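The values are calculated or read from the model by the stated rules, or taken from the named source; none is laboratory data. Everything quoted here is computed from the prediction, not taken from an experiment. In this analysis, Cβ positions are derived from the backbone assuming ideal geometry, glycine residues included, and neighbour counts consider all displayed protein chains.
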Amino acid sequence: MGRLKGKIALITGGASVPGLGSATAHRFAQEGAFVHVSDRDAAGAEAIAAAIREAGGQAEAHGHDVTSEADWDRVMAAIDGRHGRLDILVNNAGIAVLRPIADLTTEDWKLQNDVNLNSVYYGTRRAVAAMRKTGKGGSIINISSVAGLLGVPACGAYAASKGGVRIFSKAVAVETARELIRVNTVHPGMILTNMQGVAQEDNAANYDSTVALVPMGFLGEPDDVANMNLFLASDEAKYITGGEFVVDGGMTAQ
Ligand SMILES: NC(=O)c1ccc[n+]([C@@H]2O[C@H](COP(=O)([O-])OP(=O)(O)OC[C@H]3O[C@@H](n4cnc5c(N)ncnc54)[C@H](O)[C@@H]3O)[C@@H](O)[C@H]2O)c1
């Protein structure tokens, strides 16, 4: 308890249950953060915020399409108006367009990169500005994937977006290190969420062959990633920036 006491956090894509964003929102609130939960699914985000408040935590929800710069400005202004600062941003919202290269359309490619990569730029840029205003540093956690580290079949567009998130984060981390604004990436492997369910339906053969590549032999739970996010968000990680952290049952160790 209290590992994020007094900190103000924004987590995007926090509506899905089971999802990495909602699990992270609950963990952060349990550890004392005031959590802003955003999602394009405004009702879903409100349900998570309400559940956090019912459990005794502090949370507020925002309808927020992460591909919209106007939405980013509105959400950041609301947080600034309420607290005057932001300590933690988790760029978690994402979609998975998993198609073999021959089936991938230009529309798929643009949508995938708009939701997973451009959004991370929109959010990181604004969070750096907010953290600079207070001069107290902060933690930006950008959710990538093992597909941003390894070649995974039928993942070209998704991999490009997640690889972009990885190296963009390192560049910003170096740029903001002296200001103690830490920027790290988390790379989940196969975690049991709604996205993984969609991926399974979309591309069952690929899904089975990918699970077979997990040395532990089973899918992770959302809290496995939420706990990594919690560590990186907390002051326990005060000397850690520009890093990439796998939560993958050993997938990338092979
Ligand atoms: N689950 C896994 O195995 C896994 C593996 C690697 C990486 N990831 C990454 O983790 C993150 C969370 O994934 P998840 O498994 O919880 O997925 P999920 O599908 O369960 O949840 C994603 C959430 O993002 C929201 N979202 C999608 N597009 C949005 C937009 N334009 N604006 C705002 N919100 C939007 C959805 O409404 C949903 O609530 C994603 O970035 C994903 O790529 C997940």
- Query: Consider residue 31 against the criteria (1) over 17 Å from residue 233 (Cβ atoms); (2) touching a residue at least 60 places away in the same chain (Cβ under 8 Å): it satisfies all of them except one. Which criterion is unmet?
  - Reply: (1)
- Query: Restricting region 171-205 to residues that are in contact (Cβ under 8 Å) with a residue 60 or more places away in the chain, assigned to a helix (DSSP H, G or I) and within 16 Å of the ligand (Cβ to nearest atom), which is surrounded by the most Cβ atoms within 10 Å (Cβ to Cβ)?
  - Reply: 199
- Message: Looking at (1) without any contact (Cβ under 8 Å) to a residue 40 or more places away in the chain; (2) touching a helix residue (DSSP H, G or I) at 6+ places or on another chain (Cβ under 9 Å), which one does residue 146 not meet, given that it meets all the others?
- Response: (1)
- Note on the structure: residue 107 fails exactly one of (1) part of a helix (DSSP H, G or I); (2) within 19 Å of residue 187 (Cα to Cα), namely (2)
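Can you tell me which residue among 51, 55 is modelled with pLDDT of 95 or more and more than 29 Å from residue 199 (Cβ to Cβ)?
None of the others qualify; the one that does is 55.
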- Note on the structure: Filtering region 36-56 down to residues that are crowded, with 24+ Cβ neighbours inside 10 Å and either within 11 Å of the ligand (Cβ to nearest atom) or part of a loop (DSSP other than H, G, I, E, B) (or both) yields 37, 38, 39, 45, 48
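Among the residues of region 206-229 satisfying the criterion of being β-branched (Val, Ile, Thr) and surrounded by 18 or more Cβ atoms within 10 Å (Cβ to Cβ), which is nearest to the ligand (Cβ to nearest atom)?
Checking each candidate, the answer is 225.
Can you find, within region 70-96, the residue that is farthest from the ligand (Cβ to nearest atom) among those that are assigned to a loop (DSSP other than H, G, I, E, B) and buried (at least 22 other Cβ atoms within 10 Å of the Cβ)? Steps first, please.
From region 70-96, those assigned to a loop (DSSP other than H, G, I, E, B) are 84-87, 92-96; that's our starting set.
Filter once more, so that each one left must be buried (at least 22 other Cβ atoms within 10 Å of the Cβ): 86-87, 92-94.
Working: 86: 18, 87: 21, 92: 5, 93: 4, 94: 2 Å.
Once the filter is applied, the top-ranked residue is 87.
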- Which of the residues belonging to region 216-234 are in a helix (DSSP H, G or I), free of Cβ contacts under 8 Å to residues at least 60 places away in the same chain and farther than 13 Å from residue 192 by Cβ? 228, 231
- Taking region 118-139 and the residues there that are closer than 16 Å to residue 163 by Cβ and surrounded by fewer than 21 Cβ atoms within 10 Å (Cβ to Cβ), the one that is nearest to the ligand (Cβ to nearest atom) would be 118
- Message: Here are the criteria: (1) free of Cβ contacts under 8 Å to residues at least 60 places away in the same chain; (2) buried (at least 24 other Cβ atoms within 10 Å of the Cβ); (3) part of a helix (DSSP H, G or I). Tell me which single one residue 21 does not satisfy.
- Response: (1)
- Query: Scanning for something touching a His at 6+ places or on another chain (Cβ under 7 Å) and of a type in the set (A, V, I, L, M, F, W, C), does region 40-54 turn up at least one residue?
  - Reply: yes
- Query: So which residues in region 15-35 are closer than 23 Å to residue 134 by Cβ and within 13 Å of the ligand (Cβ to nearest atom)?
  - Reply: 24, 25
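Would you tally the residues in region 151-166 being closer than 19 Å to residue 100 by Cβ and either among the charged types (D, E, K, R) or at pLDDT 95 or above (or both)?
8
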